[in-house]
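Here the structure is laid out as structure tokens; the discussion comes afterwards.
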Amino acid sequence: MFNRRLTMLVLAAFIIAATGGSVTLVPAAAADTTVTISQGVDPVTMDPLKRTITPTTNVHYNLFDTLLRHDRDGKLIPWVATSWKRIAPTVWEFKLRHDVKFWNGDPLTSADVKFAIEKIKDPAEGSEQGPRIATVDHVDTPDAYTVHYVTAKPTAMIAGYPWEVFIVDSKYWKEHGDAYQAEHPMGSGAYIFKSWRKDESLVMDANPGWWHGRAPIDHAIWKPIPEAAARVAALRTGETDIITNVPAQYQIQLSGGRSTQLESARSVRVLFFAFNTLKPGPQQNRLVRQAFNYAIDVPALVKAVLGGRGYETATPLPSNFFGYDAKIPFYKHDLAKAKALLAQAGYPDGKGLDMVLNAPSGRYNKDKEIAEAVAGQLSQTGAKITVKIQEWTQYVNQVSNRSVTPIYELGWGNDSYDADNTLTSLFTASARLSTYSNPDLDKMVTDARYEIDPQRRQAIYSKALALIHEEAPWLFLFEYEDLYASTKRLVWQARGDELIYIDEMKLNG
């Protein structure tokens, strides 16, 4: 670098001398910066009001703004909303910035926030995000920059998950329609959507008019690479700059690589296998579900498949969430007890049990390998367990339609750090992603949403989690420790909520 700079100075001096000192030197323009990000799967839509899938919403968080945002430590901070407060027992008020514009120049106003909430609430939309905003009865807009979320009863949490609902250009949406928005989004975020070739690449450019200031990275390319080994190879050759879901066997070579570095964070994501109890089959028998939980050895699974990068769970909640109850026991591996329960259920030595374990490939770290390992452990009961692996987009659409049965793998990340989002989205009868129905549990979850007293609210969740543990609608597995790797040219830090904000990145030098 020093020699090159010296050469340029000598050359400049020669030119000046040759022209009698009349040359004006103009600094060279800074080169455009581009970062390539490789998740295991591609986004499924550019409609930001429909899905809850992290690889999809990771893209959306860079294209769209939200009222509030979580910082790296999970603290809520102002974003498009400069302030928020409860102004009446059932009214939450948000004051909006006046300088936020969509990429086409339309101002972002309270009407756009109202449109987004009402769109998600519309049953015809079929949005997976419905449980998040279910406490919002309606939205009032006293003026262009004031939003009121009105609830039926006082809520324990800020109504409407304002850090997760993306704000869209209502005028643009109404002019173009749902189908157009799903492939041609209009946002106000740090990056402008440029192009998308499905399963190949999605390109976005820094928004020069972003209210928060232009992001340091000029261009970003999202390039999905389903196979873990291929993601690692792409990083090492410089084809990509960040990869997600790094398998444990690569961590030493990537952390010690000449051009690569490793990042890790304890995740808010819990991986599990759900029993589709809404469809007929042995999975509707609670004894079978309990037996399968005793049949699996989660610590051994985490050690063998994830290299120890995971934390066993007894309930659907990570240990740092409000509502978590450490007194609920784990289903410790006990093959004899598993067989006894199956015999009690009418399947001695597993005879007559022929079940499919469904899983995706490339979405979660070692998702396919985990499914195969779990199937191997379940087979020790004598049951016949077949693993069916599918491509992610096809798989997740079936999950969203509740059609995957009898057992399917899924991971749930919840950046509210509260039981509400997990339990309402995955266990209440009306939730689009729930394949379990229990009126008693529905009542508990609803009661907890509107219980203001923290101790009473915790007591409700403890009771709900005890019921879930007893009913065993899941095979309870583990929380992930997320592993990422990046090139050393990139300055970036992994987050426990799995979000990838490009505006948090910069390049060395």
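Every number here is computed from the coordinates shown, using simple stated rules; none is lab data. The model shown is predicted, which means the values in this text are computed figures rather than measured ones. Glycine gets a Cβ as well: all are built from the backbone with ideal geometry, and neighbour counts include every protein chain shown.
Here, P(r) means the percent of Cα pairs in each 10 Å bin from 0 to the largest distance; for region 267-481 it is 9, 36, 39, 16, 2. Hey, how many Å between the Cα centroid of region 50-68 and the Cα centroid of region 388-410? Measuring centre to centre over Cα atoms gives 22 Å. Please give me the summed charge of the neighbours of residue 157: other residues whose Cβ is under 9 Å from its Cβ, Lys and Arg +1, Asp and Glu -1. Value of the local net charge: -1. All other residues whose Cβ lies under 12 angstrom from that of residue 121 are scored, Lys and Arg at +1 and Asp and Glu at -1, for a net of -1. Counting only alpha carbon atoms, the long axis of helix 110-121 and the longest principal axis of the chain meet at about 30°.
Within the chain, antiparallel bridges make up roughly 75 percent of the DSSP beta bridges whose residues both belong there. Here each label is just a point 7 Å from Cα along the line to Cβ, and for residue 443 and residue 98 those points are 5.1 nm apart. Taking the fewest neighbouring Cβ atoms within 10 Å as the starting point, the ordered list for 451, 479, 470 is 470, 451, 479. Per the Debye calculation on the chain with a single equal scatterer at every Cα and no solvent contribution, log₁₀ I(q)/I(0) for q = 0.09, 0.13 Å⁻¹ amounts to -0.68, -1.31.
What pairs from 75/153; 50/368; 50/488; 114/463 go past 29 Å between their alpha carbons? 50/488; 114/463, as the Cα separations exceed 29 Å there. Exposure proxy for 333, 98: other Cβ atoms within 10 Å of each Cβ, ordered fewest to most, give 98, 333. Return, ordered by residue number, the residues of region 37-71 whose backbone nitrogen is under 11 Å from a label point located 7 Å along Cα→Cβ of residue 201. From region 37-71, the list is 37. Rounded to the nearest 500, the 222 nm mean residue ellipticity of the chain from helices alone is -9000 deg cm²/dmol, with -39,500 (n - 2.57) taken per DSSP H run of at least 4 residues. Annotation: the residues 395, 450, 149, sorted from fewest to most other C-beta atoms within 10 Å of their own C-beta, follow the order 450, 395, 149.
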